[in-house]
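Only one structure is covered here, and it is reproduced in the block below.
The values are calculated or read from the model by the stated rules, or taken from the named source; none is laboratory data. Not measured: the values here are computed from a predicted model. We place every Cβ from the backbone using ideal geometry, glycine too, and count neighbours over all the protein chains shown. The area values use the complete protein model at the heavy-atom level, side chains included, leaving out ligands, DNA and RNA. Shrake-Rupley method; radii C 1.70, N 1.55, O 1.52, S 1.80 Å.
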Amino acid sequence: MGCCDTPGLMPIETAISKMLESITPISLVVDLALDQAVGHVLSEDIHSPINVPPFDNSAMDGYALRSSDLETATQLPLAGKSFAGIPFEGDWPQGTCIRIMTGAQIPEGCDLVIMQEQAQVIGDDIDFSQALPVKLNQNIRPTGDDIEQGALVLPKGHKLTSRDIPMIATLGIPSVSVFQQPKVAFFSTGDELKPLGTKLKAGEIYDSNRYGIKVMLEKFGCEAIDLGVIPDDKELLKQAFQQAQSQADVVITSGGVSVGEADYTKVILDELGEIGFWKIAMKPGKPFAFGKLLETEERHSALFCGLPGNPVSAVLTLYILVQPLLAKLAGHSQWQPQPSIPAISQTRFKKAPGRTDFQRGIFSITEQGTLEVSTTGNQSSGAFRSMSLANCFVVLEQDRGHVEVGETVHIQMFSPSFY
Ligand code: AMP
Ligand code: MG
């Protein structure tokens, strides 16, 4: 236990490392067409099969010259053209120049390109006096300048971004080898939860968590299997767990993991697996369950994460605690949490020492370049508006108390999975 740990509460880092210890990354590999591969994790290094660019080419529309010709004349006759895709062919007489376009192959012997804005057409000749003095190799993009043949372009374990797709296309590679995405089955628990689009009766609310969980799982790069809402009924819950386990690598539930109300879940999970009901030193998101649904004759084993039911807590624990686990499972070895950045608080943040608090905030940058942050208001774990309005977490350290205006706090900007 560290200096500031609260007895009975598990520090966030401990929870994450305990979970990570029990994870073996998925080793199944699939080939995907490049245009289907964004968000998937590479299962092998990508080395460039070619030089990029594959040939010396012009960075400008202009004229290709030999620099030695400019030593005796500034006006040279035109000997031909080199256009993108249609290189100059044939002999290039000394003392002449070649019209060249951006991306066109540099003719053999050319050691500089003069942009057309610095050249003047005079009858059949081109005058280059405005371009002097010149530099050797100016406006020439040499072979392999961007990437050399054989160079490592993207490593195994890298999750493909929308920027990587045109990068790989530049190399002429039509499909990539990626790890199979983790299959994650999830359901909400609670008698009070009703489908969207229906009328609520007394005591009922809409099931919002499942919508957040599904979209986030997909952004994490998982195959999300939605098993709906399961009422607080022992037999139905047990069936749901079994169905989820048989279909997925990971089972995620929301609701029913806090002490006292968790009876059904706890009894069922004791039967089906080895599950720890943890109290995490974070706010919101204290009650959290993690473990394994054990292998049976009918079902392979699956990991289990039980998220708290309160909507802010459910999304926060999925983001902070479960995201690293899913990244490891997916083979995304380069995954990192978002960095913490200092910002000046513009509002008061209420906080009691004891847990790390992930308050929802809005950061902005002043004209002077200072990072400032304000609260999104009501920080109750049931008040999801605080999350919807936010563009960052204000991460208040475990032992910290109230934060007054003007104090420095650390903010964590949201990762792409929150957009
Ligand atoms: P529980 O963890 O089941 O005790 O639920 C805690 C709080 O979260 C209660 O107010 C529940 O009504 C609410 N809640 C549980 N599940 C959901 C859900 N899927 N969508 C919205 N609110 C929920
Ligand atoms: Mg409940």
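Note on Q368 and Q239: their simple-model spin labels are 6.5 nm apart, each label 7 Å out from Cα toward Cβ.
T14 to Q94: extension gain in nm, 0.36 nm per residue of separation minus the Cα-Cα distance? Kindly include the intermediate steps, with their values, before the conclusion.
Working: separation 80, 0.36 × 80 = 28.80 nm, distance 7.37 nm.
My answer for the length gained is 21.4 nm.
Relative contact order (percent) for the chain, with alpha-carbon contacts under 8 angstrom and 6 or more residues of separation? Display every interim value, and only then the final one.
Values: 921 pairs, mean separation 68.0, N = 419.
Computed over the chain, the figure is 16 percent.
Shown are D226, D111, whose ranking by accessible area with a 1.4 Å probe and every protein chain present, most to least, is D226, D111. Sorting E21, E397 by accessible area puts them as E21, E397; the probe is 1.4 Å, largest comes first, and only protein heavy atoms count.
Estimated at 0.36 nm per residue, the fully extended path between N137 and K219 surpasses their Cα-Cα distance by 25.0 nm. Within the range 57-141, the proportion of Cα pairs with more than 20 Å between them is 20 percent. Modelled spin labels at S208 and L78, positioned 7 Å past Cα toward Cβ, are 6.7 nm from each other. Among S258, S313, S380, whose mean-square fluctuation peaks in a Gaussian network model of the chain (Cα, cutoff 10 Å)? Taking springs between Cα atoms under 10 Å, the residue moving most is S380. Relative to the longest principal axis of the Cα atoms of the chain, the long axis of helix 234-247 lies at roughly 30 degrees. Over the chain, dividing the summed -39,500 (n - 2.57) contributions of all DSSP H runs of at least 4 residues by the number of residues returns a 222 nm mean residue ellipticity of -5000 deg cm²/dmol.
Under the simplified labelling scheme, the Y419-E407 pair shows an inter-label distance of 3.1 nm, with each label point 7 Å from Cα along Cα→Cβ.
Using DSSP to define loop residues, name the trypsin sites (Lys or Arg not before Pro) in the range 7-93 whose beta-carbon has at most 13 other beta-carbon atoms within 10 Å.
Numbers: sites: K18, R66, K81; in loops: R66.
Sites meeting the loop and neighbour criteria: none at all.
A Gaussian network model of the chain, with springs between Cα atoms under 10 Å, assigns the largest mean-square fluctuation among S27, S386, S82 to S82.
Of the residues G144, Y319, V267, the one whose Cα sits farthest toward the positive end of the charge dipole of the chain, with +1 on the Cβ of Lys and Arg and -1 on the Cβ of Asp and Glu, is V267. The angle between the Cα long axis of helix 209-220 and the main principal axis of the chain comes to about 30°, on a 0 to 90 degree scale. Quick check: the angle from helix 12-21's long axis to the longest principal axis of the chain, C-alpha only, nearest 10 degrees? With both axes taken from Cα atoms, the answer is about 80 degrees.
When you filter the trypsin sites (Lys or Arg not before Pro) in the range 120-175 for DSSP loop state and at most 13 other Cβ atoms inside 10 Å of their Cβ, you are left with K135, R163. Here the chain has an Rg and Dmax of 30.4, 95 Å, counting Cα atoms alone.
Normalized C-alpha radius of gyration of the range 341-418, against 2.2 N^0.38 Å? Could you put the intermediate results ahead of the total?
On the way: Rg = 11.9 Å, N = 78, 2.2 N^0.38 = 11.5 Å.
Working it through for the range 341-418, the quotient is 1.03.
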